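Right, one structure below, let's go through it.
The values are calculated or read from the model by the stated rules, or taken from the named source; none is laboratory data. Computed from a predicted model, the values in this text were never measured in an experiment. Neighbour counts run over all protein chains shown; Cβ positions are idealised from the backbone, glycine included. For accessibility, only protein heavy atoms count, side chains too; no ligands or nucleic acids. Shrake-Rupley method; radii C 1.70, N 1.55, O 1.52, S 1.80 Å.
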Amino acid sequence: MDPLRPFHPETSSVSEGFDPRLSVMAVRPPIFPVSTFAFASAEQAAHSFEIALGKLPALPGEDVGLIYARLNHPNAEMFEAALCTAEQGAVAAAVFTSGMSAITTLLLTLARPGSVVLYQRPVYGGTDHFLRHILPEWNVEAVPVVDGGWQQALERHRERLAVVYLETPANPTLHMIDLRAVAAHVRGAVPDRRVPIVVDNTFLGPVFQSPLLHGVDVCVYSATKFLGGHSDVLAGAMTSRDAELVTRVKQTRAFLGTISEPFTAWMLQRSMATLWLRMVKQSKNARRLVEALKAHPVVERVHYPTESEGEQARIFHQQCTAPGSMVSLELRGGRPAAFRCLNALKLFKLAVSLGGVESLACHPRTTTASEMSEEDLRVGGVTEGLVRLSIGVEYWRDLCADLRQALDAALG
Ligand SMILES: Cc1ncc(COP(=O)(O)O)c(C=O)c1O
């Protein structure tokens, strides 16, 4: 046993998941653009298939090895190992072609026709669409729950409950959910079996929020965002404290073909080495911008964890170690003011997505959240005047100057 281990996740995200001895002593992981892997014997091939298809359990410590890149490949394994060490409380991880394929592969593994998924609004628009429009076609009922409604929803649906799905802070209003409280409700209402609680941890994880330490079973990520971090890959990931659950999801992934290919997995692992640097700098930048601009006359309200009050502030301090770099500004003057602001930006790029090194701005109501129902928009606080910002790693005073002149333009 190495007395230096375990390392802090900031260290392990740089160094873990890769053994140079397996790759001609290269200090960083090479790319393995390979679709199929050779077996030592026909017997080994047969045995590997039995385990991979779940017909035979693997013996403790037994490694089936690699078979075919839709099931697994070295770059996926290396990234998964690195992410697993970065996520506190995780024992296994899986990589996917996108955040949506991580979410859908997971939900298709856990839900069954006739079962119920309880979820708290708002969630990302694509997730919302899958829950409200696609799962019902497979006879899975997705039931939205609002703050304070968990007890009642659980009493009503506990028999058929397959999954609890949460997103915190939520896109785009940064509304936070008390994970420990929801976990206590779920465990209390369904004591006889473990209903998986899933959290979309894209906005703060794994650096500033560790849901697996707060009673949650699975984290999902759009790795397109902070994990990738450069707006140049589309990918997804999940981490869990339940290795068996991850094995089941990987079996579904093999049949849906939702594993990311070697180059993308390699790009993700490359990004892991700078994840802490980027997210810490981005969060500092966002905090400074919020401080500098929250009193601007066109800003009616700032949605940002350090600006929250009461229960939301309590949750932030209990659950998160920094506010992150997503900021939503509620502008006076509704959609016209929001559009004037967006059209005046010069350094910020007008684009959806988030978590990259460059700063981005968008109008959720007409873009990422445009498919949400009127009721969800109202409950979720996605108003006409809301502008969402993803703060990058640029020098903060340049960002501040750009945003200030755009907010001045929004005054009309
Ligand atoms: C919070 C959140 N979850 C999931 C997704 C879906 O991820 P992807 O676009 O990588 O499929 C997004 C995309 O914007 C997101 O913001």
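The residues of segment 315-359 that are without any contact (Cβ under 8 Å) to a residue 40 or more places away in the chain, within 16 Å of the ligand (Cβ to nearest atom) and outside any loop (DSSP other than H, G, I, E, B), listed by number, are LYS349, LEU350.
Counting only helices (runs of 4 or more DSSP H) that sit completely within segment 7-101, those holding 3 or more residues that are without any contact (Cβ under 8 Å) to a residue 60 or more places away in the chain, out of contact with any Phe, Trp or Tyr (no Cβ under 8 Å at 6 or more places or on another chain) and open to solvent by 40 Å² or more (accessible area, probe 1.4 Å) correspond to 42-52.
Across segment 50-66, the number of residues qualifying as among the charged types (D, E, K, R) and within 19 Å of ALA76 (Cα to Cα) comes to 2.
Going through (1) within 16 Å of the ligand (Cβ to nearest atom); (2) over 29 Å from ALA142 (Cβ atoms); (3) of a type outside the set (S, T, N, Q) one by one, PRO364 falls short only on (2).
Each residue in segment 369-393 was checked for being in a loop (DSSP other than H, G, I, E, B), at pLDDT 85 or above and either open to solvent by 40 Å² or more (accessible area, probe 1.4 Å) or not assigned by TED's automatic domain parsing to the domain that holds VAL299 (or both), and 4 of them qualify.
Only residues that are within 11 Å of the ligand (Cβ to nearest atom) and either charged (D, E, K, R) or open to solvent by less than 10 Å² (accessible area, probe 1.4 Å) (or both) were counted in segment 104-124, giving 2. Tallying residues that are under 10 Å from ALA189 (Cβ atoms) and surrounded by 13 or more Cβ atoms within 10 Å (Cβ to Cβ) within segment 133-155 yields 3. Of note, VAL182 does not satisfy the criterion of being within 21 Å of VAL249 (Cβ to Cβ) and either assigned by TED's automatic domain parsing to the domain that holds LEU204 or open to solvent by less than 10 Å² (accessible area, probe 1.4 Å) (or both).
Of all residue pairs spaced 6 or more apart or on separate chains, those with beta-carbon atoms under 8 Å, a first member in segment 114-141 that is among the polar types (S, T, N, Q) and a second member that is assigned to a helix (DSSP H, G or I) and near the ligand (Cβ under 10 Å from one of its atoms) are THR127/MET100; THR127/ILE103.
The set of residues in segment 141-167 being touching a Ser or Thr at 6+ places or on another chain (Cβ under 6 Å) and of a type outside the set (D, E, K, R) consists of ALA162 alone. Is there any pair with a first residue in segment 211-227 that is not assigned by TED's automatic domain parsing to the domain that holds ALA265 and a second that is within 15 Å of the ligand (Cβ to nearest atom) and at pLDDT 95 or above whose Cβ atoms are under 8 Å apart and which are 6 or more apart or on different chains, and what are they? Note: no pairs meet the criteria.
Across segment 188-200, a minimum of one residue is classified as within 16 Å of the ligand (Cβ to nearest atom), modelled with pLDDT of 95 or more, not charged (D, E, K, R) and not in a helix (DSSP H, G or I).
For GLU371, the test of being within 16 Å of the ligand (Cβ to nearest atom), among the acidic types (Asp, Glu) and in contact (Cβ under 8 Å) with a residue 24 or more places away in the chain is passed. The residues in segment 156-179 that are open to solvent by 70 Å² or more (accessible area, probe 1.4 Å) and acidic (Asp, Glu) can be counted, and the count is 1. When ALA322, ALA265, ALA292, ALA237 are checked against the criterion of being modelled with pLDDT of 95 or more and farther than 19 Å from CYS219 by Cβ, ALA292 stands alone in meeting it.
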